[in-house]
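Some notes on the structure that comes next.
The values are calculated or read from the model by the stated rules, or taken from the named source; none is laboratory data. Please read all numbers here as calculations on a predicted model, not as lab measurements. Neighbour counts are summed over all protein chains in view; Cβ atoms, including those assigned to glycine, are modelled from backbone coordinates with ideal geometry. Surface accessibility is based on the protein's heavy atoms, side chains included, excluding ligands, DNA and RNA. Shrake-Rupley method; radii C 1.70, N 1.55, O 1.52, S 1.80 Å.
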Amino acid sequence: MTDASQIREHMEVIGADGVHVGTVDHVQGDRIKLTKKDSGAEVEGAQGQHAGHHHYIPLGLVADVEGDQVRLSATAANAVLFEEEEGG
């Protein structure tokens, strides 16, 4: 696992396939908290149970931190399956 102290606010989180997964809000415990923007909060008319609140990615999915990107070991499509709500 990558050193979590390397992960900073506003870094882009990408899947192993290079596809955008989210943007780091901050690291909270053993998870990366993504910004609400990536959860549909700022999209006009956003609906559904996942819109408008933060999602979390387990740090265990982080493969590498390079430049301003956090690269995951899973593809973007698979990474979203591991997204968690605030309560876990």
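Go through the stretch 1-12 and report how many residues are under 18 Å from Glu83 (Cβ atoms) and modelled with pLDDT of 95 or more.
Total meeting the criteria: 3.
Would you point out the residue of the stretch 1-27, among those that are part of a strand (DSSP E or B) and farther than 17 Å from Ala74 by Cβ, that is most open to solvent (accessible area, probe 1.4 Å)?
Taking the candidates together, the pick is His26.
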